[in-house]
Amino acid sequence: MKKPCYRSLYAFLLLLLAAGYAAAQPAGSTWTLTFEDTFDGTALNATKWSTGFGWGPKSDAFDETTRPENVTVGNGILRIKMECVGTAYWSGAINSRNKFYQRYGYWEARIKVPAGTAGLLPAFWMKHNDDKWPPELDIMEVFGTDRRAAFTVHYGAPWPNNQSSGAKWDGGDLSTAFHTFGVEWDENAVKWYVDGVVRRSYARPEADAFLNQWNEYTAGAYMMLNVHAKNAEWNGGNLSCSNLPRYMEVDYVRAYRKSGTTTPTPTPTGLLQNPGFETGSLSPWTSWGNSSIVTTGQRSGSRGILAWWNSTVEQVVTGLTPNTTYTFRGWGKVDAAGISARLSVKDHGGAQVFSPNFTSTSAYTQSSVTFTTGSSSTSARVMFYAPTNGGAWGDDFTLTAGTGSRVASADLAAAGEAGLRVHPNPAGRQFTLQVVARQAQETQLALVDLAGRPVLTQHIHLAAGPNRVTVNTEKVRPGTYLVRVEADGRKLVKKVVLRNQ
């Protein structure tokens, strides 16, 4: 962070106050600095941050896709750019998952948010390093044209049964200057600060449910900074490309721990370990066949995996919750046209499930498979399959609980196309899905809400020709959903309305 020198200390102090500087940490305690990045240099410090979110480049509930080139560092400032390319929103994000995570303490960032614009949402927030959701702690968000800073927590059951508690603070137009946004978390309370002053306190007994869930994860919390796009009424409406690009600027990020505390050193407890093979070792993945870690051809970072001729790279994931939906995602590409690779999950208390194939030879594409653990299952085996007649690269695998992938605009467009038929529609306790397959195959049916969260998954066998599949929706809430089926290498989508039963 570049700071000019002044001959007059008085003038220097006035400048600090005018620029919105605050105390480095809350008063009344002795604090030890545990993390600092002042963004000196010309590139993001890869020992402290990764680009994207903690689980990948896209956030399930938002409209943008992040990419590394939308994060730049120069003149002591981190800049996160939101822009349009065609009609697509591209943004940047950074996260400290597996690089810095801490249980209890104080976190702060000096930020200049972009000017309020409908559909835009800058954010500074935290999740636990195991990446389960909920809980979530939002240190700062600014929604669309609402100039207030929002301080929110999310907790409880997976969506749509999660709960939230939030408050907003009006400090005027926050985009005109840098402000220091901070949060203090201990076992009994969460406090939000702006420019060194407490703006919200959320403490026991009001906060019991959140704090009990937030405190139970000993792995510690990691940080994320990003700019979201969300075309929704609650975010001011649609984001117009004519209002872009917009930038969020960050002067520094720091974290502290109270001196003398006995908080244990956290260890990674993420669902999926070594997801991008950046450790340089295959462990805890195992390989059946001819697979190796490579330093060329990877999607991100410095390493990826290359698998050949009917080989499998797999990992047994433990610590899962019974009767819970998870999504295993990954990026892949193949070395020649006409061959394919895919993801799979088994040993989770249900039938083995498979993702759509990776078929691209020129660039990485993402695929995913959703599964639900059995009534007593707390583990699963996730796998990356190489083709039987060539090689495949894989990288950036993730495993998340209960969220699924956000409904893409392509899914909504496909929902009106031929390929699937639903009867009756609207439906009640069940409906019949009609699908025609070119060949016999095992696949999966998913019923997802319009935020892309799976509410029901079902393994199905398709025979060559017409098929009729009965889908029981007794335990699904009324609303509008999409039915998605992968068949013959195609994604088939149909909209279905469920009424009161």
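Structure data summary
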{"quantity": "Conditions (1) over 17 Å from F124 (Cβ atoms); (2) in contact with an Asp or Glu (Cβ under 9 Å, 6 or more places away or on another chain): number failed by N212", "calculated": "(2)"}
{"quantity": "Strands (runs of 3 or more DSSP E) wholly inside the stretch 329-404 that include at least 1 residues being surrounded by fewer than 18 Cβ atoms within 10 Å (Cβ to Cβ), modelled with pLDDT of 90 or more and within 25 Å of the chain's Cα centre (by Cα)", "calculated": "342-346, 379-385"}
{"quantity": "Any hit, the stretch 303-317, residues being in a loop (DSSP other than H, G, I, E, B), on the phi > 0 side of the Ramachandran plot and assigned by TED's automatic domain parsing to the domain that holds S375", "calculated": "no"}
{"quantity": "Flag for V345 being in contact with a strand residue (DSSP E or B) (Cβ under 8 Å, 6 or more places away or on another chain), in the same structural domain as F384 (by TED's automatic domain parsing), β-branched (V, I, T) and within 22 Å of N389 (Cβ to Cβ)", "calculated": "no"}
{"quantity": "From the options W185, W214, W192, residue that is closer than 26 Å to G171 by Cβ and within 21 Å of the chain's Cα centre (by Cα)", "calculated": "W214"}
{"quantity": "Residue in the stretch 17-50 that is surrounded by the fewest Cβ atoms within 10 Å (Cβ to Cβ), counting only those that are at pLDDT 90 or above and aromatic (F, W, Y)", "calculated": "F35"}
{"quantity": "Whichever residue in the stretch 134-178 is on the phi > 0 side of the Ramachandran plot and part of a loop (DSSP other than H, G, I, E, B) and, among such residues, is surrounded by the most Cβ atoms within 10 Å (Cβ to Cβ)", "calculated": "G144"}
{"quantity": "Complete set of residues in the stretch 348-372 that are over 15 Å from A386 (Cα atoms), touching a Leu at 6+ places or on another chain (Cβ under 8 Å) and among the hydrophobic types (A, V, I, L, M, F, W, C)", "calculated": "V369"}
{"quantity": "Options I111, I94, I77: the member that is within 19 Å of E184 (Cβ to Cβ) and assigned by TED's automatic domain parsing to the domain that holds M248", "calculated": "I111"}
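The values are calculated or read from the model by the stated rules, or taken from the named source; none is laboratory data. Predicted model, so just to flag it, every value in this text is computed and none were measured. Ideal geometry is used to build each Cβ from the backbone, glycine not excepted, and the neighbour counts take in all protein chains shown.
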